[in-house]
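Take a look at the structure set out below.
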Amino acid sequence: MINKNKKYSKDEVFQILFDRIMNGGYAPGDRLTEQMFAEEFNLSRTPIRDILLQLAALRLVTLTTNKGAEVVGLSCDDVEEMYDIRDAMELLALESALPNIKLQELTNLKNKVKSIDKDSDLAQIAKVDHDLHSYIATCSNRPRLQAILNQLFTLIIRNSSFPFPQKQRLEQIRAEHLAIIDALFVRDEQKAKAVLHDHIHNSKVAALEFMFSKK
């Protein structure tokens with residue numbers, strides 16, 4: 001709920017608009033203007049223009065001179081590219097993360113993965129998936145790499161109302177997560193990289209199949 005009596009900071013407005021786009025509050029094709037947000041958030045148009053530029057840099061909107069911004073959808077090419085970049089970045093993160101990974105944290109993650117079953121809801125499944133991948137990124141101790149991966153995770157989540165509810169993919173994801181964790185337990189870098197790569201590839205295939213099915 002927006003407080004009309006509050007003057008919002010630029011960072012606050014960016015986060016609000018980002019969340020609205022990610023959560024479907026704005027649909028692809030919706031027009032966003034500096035004026036509408038300047039009035040809503042009691043902010044001048046200059047910081048709003050900067051915020052729209054930030055959103056455009058994330059490829060969440062496209063900008064048109066004198067017409068503001070338009071929320072964009074994700075194409076199959078966009079999704080494929082995101083997963084390919086994620087694959088390369090996560091494998092790089094894993095190399096740096098391996099010496100820093102704690103066995104107790106892996107045990108906790110393994111228990112979370114094992115708790116997933118056919119009755120688990122999408123939010124629970126997505127959180128376990130995010131926790132595992134985020135832990136690898138965090139353990140890399142490479143802030144820029146982590147920032148890139150967090151951005152990719154967020155963009156992929158925007159498009160991830162798909163394969164998790166399907167029983168076959170759910171069981172596959174669970175097995176892939178356990179395989180990644182087991183390889184990390186024994187510090188087997190090559191095995192961990194191989195199963196992580198397969199997991200991301202399978203997720204990409206499932207995402208693209210879902211998108212094609214909706215055409």
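Residue selection: Tyr135 fails the criterion of being in contact (Cβ under 8 Å) with a residue 60 or more places away in the chain, of a type in the set (Ser, Thr, Tyr) and either within 30 Å of Ile21 (Cβ to Cβ) or not assigned by TED's automatic domain parsing to the domain that holds Tyr26 (or both). Would you confirm, using the coordinates I've provided, whether Ala175 is modelled with pLDDT of 95 or more and on the phi < 0 side of the Ramachandran plot? Here the answer is no, as Ala175 does not meet what is asked. Scanning region 183-196 for residues that are surrounded by fewer than 16 Cβ atoms within 10 Å (Cβ to Cβ) and under 22 Å from the mean Cα position of the chain (by Cα) turns up just one, Ala194.
Return yes when Lys118 is part of a loop (DSSP other than H, G, I, E, B) and outside the structural domain of Met22 (by TED's automatic domain parsing) and no when it is not. In short, yes. Here is the figure for region 158-172: residues that are farther than 26 Å from Arg59 by Cα and either modelled with pLDDT under 75 or basic (Lys, Arg) (or both) total 5. Of everything in region 21-49 that is more than 16 Å from the chain's Cα centre (by Cα) and among the hydrophobic types (A, V, I, L, M, F, W, C), the residue that is surrounded by the fewest Cβ atoms within 10 Å (Cβ to Cβ) is Ala27.
Residue-by-condition table, conditions (1) hydroxyl-bearing (Ser, Thr, Tyr); (2) surrounded by 18 or more Cβ atoms within 10 Å (Cβ to Cβ); (3) at pLDDT 95 or above; (4) outside the structural domain of Ile200 (by TED's automatic domain parsing):
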position: Lys114; (1), (2), (3), (4): no, no, no, no
position: Gln124; (1), (2), (3), (4): no, no, no, no
position: His130; (1), (2), (3), (4): no, no, no, no
position: Cys139; (1), (2), (3), (4): no, yes, yes, no
position: Gln146; (1), (2), (3), (4): no, yes, no, no
position: Ile156; (1), (2), (3), (4): no, yes, no, no
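Phe18 falls short on exactly one of the conditions (1) under 30 Å from Asn202 (Cβ atoms); (2) crowded, with 18+ Cβ neighbours inside 10 Å, and that condition is (2). Summed over region 50-81, residues that are at pLDDT 90 or above and surrounded by 17 or more Cβ atoms within 10 Å (Cβ to Cβ) total 6. Exactly one residue among Leu32, Leu92, Leu43, Leu55 is in contact (Cβ under 8 Å) with a residue 24 or more places away in the chain and in the same structural domain as Thr154 (by TED's automatic domain parsing), and that residue is Leu92. Residues in region 82-104 that are surrounded by 15 or more Cβ atoms within 10 Å (Cβ to Cβ) and acidic (Asp, Glu): 2 in all.
The values are calculated or read from the model by the stated rules, or taken from the named source; none is laboratory data. Remember, it's a predicted structure, so these values are computed and weren't measured experimentally. Because the Cβ atoms are built from the backbone with ideal geometry, glycine has one as well, and the counts that use them run over all protein chains shown.
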